[in-house]
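What follows is calculated from the coordinates using simple rules that are stated; it is not laboratory data. These numbers were taken from a predicted model, which means no experiment stands behind them. Backbone-built Cβ (ideal geometry, glycine too); neighbour counts: all protein chains shown.
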Amino acid sequence: MHDIELDYSGDRYQARVPDTLDLSERAALALNALGGTLDPNLRYLPYGLVRYASKTPFMAHWACADVTCNPKYGEGFPMMRLVSGSQQYAEAEVHNRATMLSTVEDGLYWDPWTADRPWRNAYAPHYYGEGKNEDFAVVGATGLLMRAMSAWDEMGADSGLNSLRAAMVEGMRRVAIERADYCYYPEKGGWGEPCTYPRSGWLNTDEPETETQGGEGSVTCYHGNQIYGAAQWYMLSGDGKALDLAARLTRFVMQPKFWGGVADPDMEHARAQGLKNHVAARLPDPPYTAGSELGHWYSHFHARAITLRGMLQYAWAAGDERVLEFVRRAYEFTLTQGLPRIGWINCYPGFGGAEGCSVGDLIALGIRLSDTGMGDYWDDVDAVVRNLLMEQQLVRADLLQQVADASPERAYDNAFPNQRNTEGAIARSLGTFAGVSQPDRIVEPSVMLCCTGNGVRGLYYAWEGAVREDGDCAQVNLLVNRAAKLLDVDSYLPYEGRVVIHNKHARRIAVRVPAWANRRQLRAAVSGVARPLDWVGNYLIFEDLQPTDTITVEFPIRETTASYTAYANSPQEIVYTLTFRGSTLVDIAPRTHSPRDYPLYLRAEMRKDVAPMKAVTRFVPDRIIRRW
Ligand SMILES: [Zn+2]
């Protein structure tokens with residue numbers, strides 16, 4: 001059972017399409033990165049870090065993250081393959097999956113002690129001590145692996161996975177510390193990362209009292225994936241134990257002591273409280289704001305997003321309206337913490353920057369909150385996809401080489417033999433997602449595998465959400481190029497306000513029109529014949545379609561400019577002028593130029609009025625992952 005092959009069959013055909021935002025092309029590049037950052041000499045575990053700001057760029061193994069984050073690769077491989085149809089690194093993918101499954105035992109996904117990973121205990125010794133040469137399980141990673149297994153299940157994996165998933169719910173419950181109506185994983189239970197369970201048992205079972213205990217500045221984050229994995233499994237299986245575990249963990253993470261307050265913009269309070277690195281302190285809520293009831297946060301947004309995504313999965317599974325509302329409020333608060341029109345959220349108040357990880361989570365939260373009926377967030381999703389998602393993915397080898405050439409030789413991340421690999425680092429990692437970005441640039445770019453794992457999943461969520469199909473009805477939610485079973489979408493955005501849908505088998509198609517498109521000047525036609533506009537909410541409805549019909553939706557697109565303040569009311573405050581065509585950012589000012597930085601939004605060509613065309617091979621997979 002450990003060598004699982006997935007079903008990547010599908011249809012391929014040639015097409016001439018507008019050369020615009022192409023999730024398939026990006027997914028192919030992401031596969032290059034997922035496969036290229038695996039270490040074939042170390043059981044195909046990923047290198048956790050890529051450093052470009054070094055004369056010789058390199059990849060390096062990174063403490064226990066190689067194992068902890070590996071399930072994100074496990075989920076990302078099938079996702080990127082079915083978006084792109086690419087076969088690159090097919091064999092490496094199978095080995096990588098087998099490595100993960102070989103360390104599942106007693107319902108937990110273990111990080112086994114082996115002499116060939118001497119860097120394993122290197123993470124956060126200043127919080128948890130030096131660590132021991134003993135097996136441990138970062139419990140959250142068991143939840144992460146359950147999520148990957150859900151994707152493998154949908155891609156045709158052996159059904160033996162399902163008994164393993166049921167056992168993993170039992171494993172996660174067995175090691176949880178029980179209280180009256182909730183349970184938790186103790187933050188100081190082991191070493192390396194928070195909530196790490198040593199083979200010989202918890203070292204400490206104290207209940208965490210604040211969100212910012214420990215190195216990541218987020219205790220609740222280390223519960224989010226368990227909630228997600230259990231709730232997702234409950235939705236498929238109806239396993240009551242899984243729902244109960246998700247409910248108990250959700251009650252723990254939703255306690256007011258973990259939420260509310262505002263960030264400390266200059267980190268003075270954080271230092272006074274002994275908080276380190278990027279961890280901000282909590283200052284009191286402003287008057288009239290009950291932030292802890294509304295999911296307000298003040299430190300490390302991506303970590304919060306893991307919690308929120310777990311809570312949302314649980315709320316969706318259980319139909320829990322209070323938890324759904326909490327996640328919605330938290331999501332809407334998050335969009336006040338940066339430049340939401342380009343998806344740039346300041347994930348580290350006091351410290352500064354948008355984390356690559358947050359890109360995937362913002363897309364997921366927007367789509368799932370829309371799916372659960374909490375609102376129509378597709379314009380938010382569109383903003384992240386067209387802007388930060390595209391820019392956070394490192395796709396320009398020439399710019400990365402320029403960064404390396406301008407940088408001194410760096411010695412970091414080279415403490416142990418075989419930890420570092422300098423062979424072809426740029427080419428092998430091309431398509432990864434950068435760690436931390438400023439609105440206009442990535443300073444001395446580097447990559448953490450968590451961000452690549454979340455970035456590729458974000459890319460998939462966007463692709464999956466863009467077109468939904470059910471029977472002979474299709475819903476087009478994002479106006480991007482997309483091939484599907486019922487129809488193909490050609491998007492001319494942002495060059496032209498034009499979308500052409502080639503129908504194949506749909507009887508009814510609903511097309512979501514973005515908020516910025518002027519509805520008074522919008523025109524629609526079916527096979528060249530103008531159609532009266534039939535609106536349901538933000539969707540245009542086309543009924544009684546024939547298989548050969550072509551639907552055209554046209555509206556004006558123009559350049560607009562607006563000013564926005566990043567890091568408002570903090571020492572880092574900076575005002576940017578953003579130039580858009582529709583929701584696509586085509587220029588940003590001011591720009592800070594340094595040869596050691598990776599510039600963003602080099603999009604002068606998108607300011608033309610006619611979309612270039614290109615020939616592509618379109619791929620429509622037989623199976624897709626819908627229960628992500
Ligand atoms: Zn990250």
When the helices in the chain are scored as -39500 (n - 2.57) per DSSP H run of 4 or longer and the sum is shared across all residues, what 222 nm value do you end up with, to the nearest 500 deg cm²/dmol?
-10000 deg cm²/dmol
Listed highest first by mean packing, meaning other Cβ atoms within 10 Å per residue, what order do 402-414, 355-367 come in?
355-367, 402-414
Stokes-Einstein D for the chain (10 °C, 1.306 mPa s, Kirkwood Rh from Cα pairs), in µm²/s, comes to 64 µm²/s
DSSP beta bridges in the chain: the antiparallel percent, rounded to 5, is 95 percent
For region 6-72 versus region 465-491, the gap between their alpha-carbon centres in whole angstrom:
26 Å
Give me the extension gain from ASN518 to ALA415: residue separation times 0.36 nm, minus the current Cα-Cα distance, reported in nm with one decimal.
31.3 nm
Show me 176-188, 590-602 ranked by packing, highest mean number of other Cβ atoms within 10 Å first.
176-188, 590-602
Dipole size in debye (nearest 20) for region 245-293 around its Cα centre, Lys and Arg Cβ +1, Asp and Glu Cβ -1?
340 debye
Helix axis angle, 301-318 relative to the chain longest principal axis, alpha carbon, degrees
80 degrees
Could you tell me how many degrees, from 0 to 90 and to the nearest 10, lie between the Cα long axis of helix 160-174 and the main elongation axis, the longest principal axis, of the Cα atoms of the chain?
50 degrees
Once the dipole of region 545-628 is set up from charges on Cβ (+1 Lys and Arg, -1 Asp and Glu), the residue from the list MET606, THR565, GLN546 lying farthest towards its positive end is GLN546
How would you order 37-50, 547-560 from highest to lowest mean count of nearby Cβ atoms within 10 Å?
37-50, 547-560
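If R0 is 22 Å, what FRET efficiency do you get for LYS276 and GLN572 from their C-beta distance, rounded to 0.05? Working shown, then result.
On the way: r = 19 Å, r/R0 = 0.87.
According to the calculation, E is roughly 0.70.
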Taking the alpha-carbon centre of each part, the distance from region 537-606 to region 210-264 in Å is 34 Å
Backbone N within region 127-146 under 19 Å of label point (7 Å from SER163 Cα along the Cβ vector):
146
Gyration tensor verdict on region 287-335 (Cα atoms; rounded if a/c is under 1.5, prolate if a/b is larger than b/c, oblate otherwise)
oblate
Give, in nm to one decimal, the length gained when the segment between SER563 and ALA115 is fully stretched (0.36 nm per residue of separation minus the Cα-Cα distance).
155.9 nm
Here, GLU325 and ARG468, labelled 7 Å along Cα→Cβ, have an inter-label distance in nm of 2.3 nm
Got a sec? Charge dipole of the chain, +1 on Cβ for Lys and Arg, -1 for Asp and Glu; which of ALA180, ALA589, GLY458 is way out at the positive end?
ALA589
Mind checking the angle between helix 449-466 and the chain's longest principal axis? C-alpha axes, 0 to 90 degrees, to the nearest 10.
30 degrees
Distance in nm between label sites at THR205 and ALA98, each 7 Å beyond Cα in the beta-carbon direction?
4.0 nm
